[in-house]
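A.B. asks: The structure follows.
The values are calculated or read from the model by the stated rules, or taken from the named source; none is laboratory data. Please read all numbers here as calculations on a predicted model, not as lab measurements. Every residue, glycine among them, receives a Cβ derived from its backbone with ideal geometry; neighbour counts consider all protein chains shown.
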Amino acid sequence: MRAWRVVRLCGLAVALASVLWALTGVGQRAGDRARPNVLLVSIDSLRADHLGSYGYPRDTSPAIDALAREGVLFENAISSAPWTVPAHMTLLTGLPPEVHDVVTRRQKLAPDAVTLAEALAAAGYETAAFVSGPTVMAHFGFDQGFALYDESMVDASPQKIGDVVTSPGLVDLVNGWLERWSDMGRAAPFFVFLHMWDVHYDYVPPPEYVQRFDPDYTGDIDTRHFESNPRLHRDMSPRDLAHVIALYDGEIRFTDDHLARIFSRLRALGVLDETIVVVTSDHGDEFFEHGQKGHAKTLYEEVLHVPLVVRYPRRIAGGLRVAAPVRLMDVAPTILGLAGVAPPAGFAAHTLDAGHRAADLTPHVAGRAPAPMPALAAFSANRWLGDRQSAVRTAGAKLIRHAKPLPNGPVLEVFDLDRDPREQQNLAAAEAAPPLLATLDPLLDAWQADARRQTKLAQARKPVAQHEARLRALGYVE
Ligand SMILES: [Zn+2]
C-alpha cells in the first residue's frame with residue numbers, strides 16, 4: 001500500500017513537472033535530465049597564439065579567457081584546412097575535408113551527409129545559425145539541419161566585404177533571438193551557431209581599438225584590400241607590420257567585447273551554466289612568418305593552430321588545460337557527447353579507420369577524473385589548388401608534403417615542435433629527420449589511403465554571380 005502510494009505520488013510529481021516544464025520552461029532551468037543548450041562560436045581567422053589565455057601578452061580576449069578559466073582550454077587544437085569553407089564544413093559535420101569534399105568554391109555539401117545541426121534537431125533542439133561572412137553562406141550547404149540560417153549580416157553589405165563591421169549587428173540578432181526563445185517558454189533547448197567575421201581581413205577596428213594596442217604609430221599603413229594591397233608584403237617595414245598586427249589584435253578585442261554581450265545575456269536569462277559554450281576558429285592568419293600573408297596558402301602553425309575553449313560547468317571542471325593535440329573535426333562529436341545525444345547513423349565518417357575518425361572528447365574532459373587524452377594525430381590539407389600540400393601533426397612534430405612545390409620551395413618539411421614551435425628550421429635534410437619521418441610518414445600515408453577509400457559527400461554548386469563577386473573580392477580566386 002505504502003509502496004503503491006509512493007509510486008502514485010511520484011507519478012503525480014512527474015506529471016506536474018512535465019506540465020510545469022511545458023508551461024514555464026522550468027525543466028530547462030532546473031531539470032537534471034533536460035538537455036543543455038549549445039552555443040558554438042567560430043571567430044573567423046583567429047589564431048590561437050593571439051589570445052591571452054594562450055599566452056599572448058596583449059589583453060585581446062578577456063571574455064574568452066574567463067570562459068577558459070571556467071572550462072577547458074585545448075592548447076593544441078588543429079584545423080583540417082587553412083581556409084574558411086572546408087574548415088567550417090569540418091566543424092559543422094565532424095568530417096575531414098577529404099570526406100566532406102567541399103574544398104573549392106564550386107562544391108556544396110550533399111544532402112546525405114549528416115550534420116551536427118541535423119543530429120541536434122533530431123534530438124529535439126531548436127536550431128539557429130547567424131553568420132556574417134560570404135564564405136559561410138547557405139549555398140555551400142552550411143544550412144543543412146538549421147531551422148533558421150540568418151545571413152542577413154552578409155546581405156546587408158553586398159559591396160563592402162573585408163572592411164565591413166558586423167559584430168554589433170550580429171550580436172543584436174543573436175540576443176534578440178535568445179530573448180524570443182525565452183519569451184516563447186524555452187520549450188526546447190537551443191543550438192545556436194554563431195560565425196563572427198570581423199577578425200577576418202581587412203583589419204579595420206574602431207579607432208579606440210587601434211589606440212588600445214598601438215597608440216604611438218605615426219605611419220599611414222592600413223589593411224584595406226588586404227590580399228591585393230601592394231604595401232602589405234614580406235619586405236615591408238617592421239614598424240608598419242607591427243601596426244598591421246596591432247590592427248588584427250584590435251579586431252580580436254572588438255570581437256571579444258561583443259561576444260561578452262552574448263555571455264551576459266545568457267547569464268541574465270539564467271541559462272549560462274546549462275549551456276555548452278564552445279569558442280573556436282576555422283584557421284589563423286599569417287604575418288610573413290613563412291613569407292606569406294593571410295591564409296589559404298600554407299599549413300604552418302600560425303594558420304592551423306586555432307583556439308578551442310569549452311565551458312559547461314555541469315560536466316567540466318573549471319581551469320582544465322589539455323596539451324595533447326585535438327582536431328577541429330572532434331568538436332561536433334564532443335558537443336553531442338557533452339549534450340548526451342547519441343550520434344545518428346552516418347554521422348562523422350564512421351567508415352574511416354578508428355584512429356582517423358572524429359573523436360568525442362567528453363570522457364577526457366568531463367567528470368571528476370577525466371581519462372587521459374589519447375594521442376591523436378591531426379591531418380590537414382590545402383586541397384584548394386589541387387592537393388598542393390598535406391600535413392600531419394603529432395604532439396611534438398610535424399610533416400608537410402608539397403605535391404606541387406613552389407619554385408625553389410621545399411618538397412618536404414619536418415619540424416621538431418618541442419624545440420622549434422615556430423617552424424623556422426626545416427629538418428628534412430638534417431640528421432634528426434629519419435627518426436621523425438619514421439613516425440610521421442606512415443601516419444600520413446595511412447591517412448591518405450583511408451581517405452581515398454571514402455565516399456565523397458560533395459556535389460557541384462551552381463555559382464551565383466553576386467556570391468562569386470564577393471569571394472573574388474576577398475582574394476578567393478581559383
Ligand atoms: Zn575563415
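A.B. asks: Just a yes or no: is a residue in the range 177-198 farther than 27 Å from A121 by Cα, within 16 Å of the ligand (Cβ to nearest atom) and either modelled with pLDDT under 95 or surrounded by 21 or more Cβ atoms within 10 Å (Cβ to Cβ) (or both)? If you could, list the steps in order and put the result at the bottom.
C.D. replies: Pass one, the range 177-198, residues farther than 27 Å from A121 by Cα: 198.
In the following step, the residues that additionally are within 16 Å of the ligand (Cβ to nearest atom) were identified as 198.
Adding the requirement that they be either modelled with pLDDT under 95 or surrounded by 21 or more Cβ atoms within 10 Å (Cβ to Cβ) (or both) leaves 198.
Checked the range 177-198: at least one residue is farther than 27 Å from A121 by Cα, within 16 Å of the ligand (Cβ to nearest atom) and either modelled with pLDDT under 95 or surrounded by 21 or more Cβ atoms within 10 Å (Cβ to Cβ) (or both).
A.B. asks: Return the only residue of A48, A66 being within 16 Å of the ligand (Cβ to nearest atom) and under 14 Å from V279 (Cβ atoms). Give the derivation first.
C.D. replies: Numbers: A66 fails: within 16 Å of the ligand (Cβ to nearest atom).
After applying the criteria, what remains is A48.
A.B. asks: Would it be correct to say that D220 is charged (D, E, K, R), in a loop (DSSP other than H, G, I, E, B), modelled with pLDDT of 95 or more and surrounded by fewer than 18 Cβ atoms within 10 Å (Cβ to Cβ)?
C.D. replies: Yes, satisfied.
A.B. asks: Name the single residue, out of those in the range 237-274 being within 16 Å of the ligand (Cβ to nearest atom) and not aliphatic (A, V, I, L, M), that is nearest to N408 (Cα to Cα). I'd like the intermediate steps shown before the answer.
C.D. replies: If we filter the range 237-274 for residues that are within 16 Å of the ligand (Cβ to nearest atom), which is where we start, we get 248, 251-252, 255.
After this cut, where a residue has to be not aliphatic (A, V, I, L, M) as well, the list is 248, 251, 255.
Details: Y248: 31, E251: 35, T255: 39 Å.
Among them, the one singled out is Y248.
A.B. asks: Identify the single condition in (1) more than 16 Å from the ligand (Cβ to nearest atom); (2) surrounded by 23 or more Cβ atoms within 10 Å (Cβ to Cβ); (3) farther than 16 Å from S45 by Cβ that V331 does not satisfy, given that it satisfies every other one.
C.D. replies: Only one criterion in (1) more than 16 Å from the ligand (Cβ to nearest atom); (2) surrounded by 23 or more Cβ atoms within 10 Å (Cβ to Cβ); (3) farther than 16 Å from S45 by Cβ is unmet by V331, namely (1).
A.B. asks: Right, here's the next one. Which residues, counting only those in the range 272-293, are closer than 20 Å to S390 by Cβ and not in a loop (DSSP other than H, G, I, E, B)?
C.D. replies: Answer for the range 272-293, where residues must be closer than 20 Å to S390 by Cβ and not in a loop (DSSP other than H, G, I, E, B): just E286.
A.B. asks: Which of the residues that make up the range 249-296 are modelled with pLDDT under 95 and polar (S, T, N, Q)?
C.D. replies: Q292
A.B. asks: Counting only residues that are within 21 Å of the chain's Cα centre (by Cα) and in a loop (DSSP other than H, G, I, E, B), how many does the range 351-365 have?
C.D. replies: Within the range 351-365, residues that are within 21 Å of the chain's Cα centre (by Cα) and in a loop (DSSP other than H, G, I, E, B) number 5.
A.B. asks: List the residue pairs whose Cβ atoms are under 8 Å apart, where the first residue sits in the range 123-138 and is more than 21 Å from D202 (Cα to Cα), the second is in a helix (DSSP H, G or I) and more than 13 Å from the ligand (Cβ to nearest atom), and the two are 6 or more positions apart or on different chains.
C.D. replies: Close Cβ pairs satisfying both conditions: A123/A339; E126/W181; T127/A117; T127/L120; T127/A121; A128/W177; A129/A117.
A.B. asks: Looking only at the range 389-419, count how many residues are within 25 Å of the chain's Cα centre (by Cα), in a loop (DSSP other than H, G, I, E, B) and under 21 Å from F287 (Cα atoms).
C.D. replies: Residues in the range 389-419 being within 25 Å of the chain's Cα centre (by Cα), in a loop (DSSP other than H, G, I, E, B) and under 21 Å from F287 (Cα atoms): 1 in total.
A.B. asks: Name the residue, out of L241, L194, that is touching a residue at least 40 places away in the same chain (Cβ under 8 Å) and part of a helix (DSSP H, G or I). Explain how you work it out, then say what you get.
C.D. replies: Values: L194 fails: part of a helix (DSSP H, G or I).
Result of the check over L241, L194: L241.
A.B. asks: Scan the range 275-305 residue by residue and report those that are of a type in the set (S, T, N, Q), away from the ligand (no atom under 13 Å from the Cβ) and within 20 Å of D65 (Cα to Cα).
C.D. replies: Taking the range 275-305 first, the residues of a type in the set (S, T, N, Q) are 275, 280-281, 292, 298.
Okay, now just the ones that are also away from the ligand (no atom under 13 Å from the Cβ), so 275, 292, 298.
Selection gives T275 alone.
A.B. asks: Across the range 81-135, which residue is farthest from the ligand (Cβ to nearest atom) among those that are over 16 Å from S390 (Cβ atoms), assigned to a helix (DSSP H, G or I) and among the hydroxyl-bearing types (S, T, Y)?
C.D. replies: The selected residue is T93.
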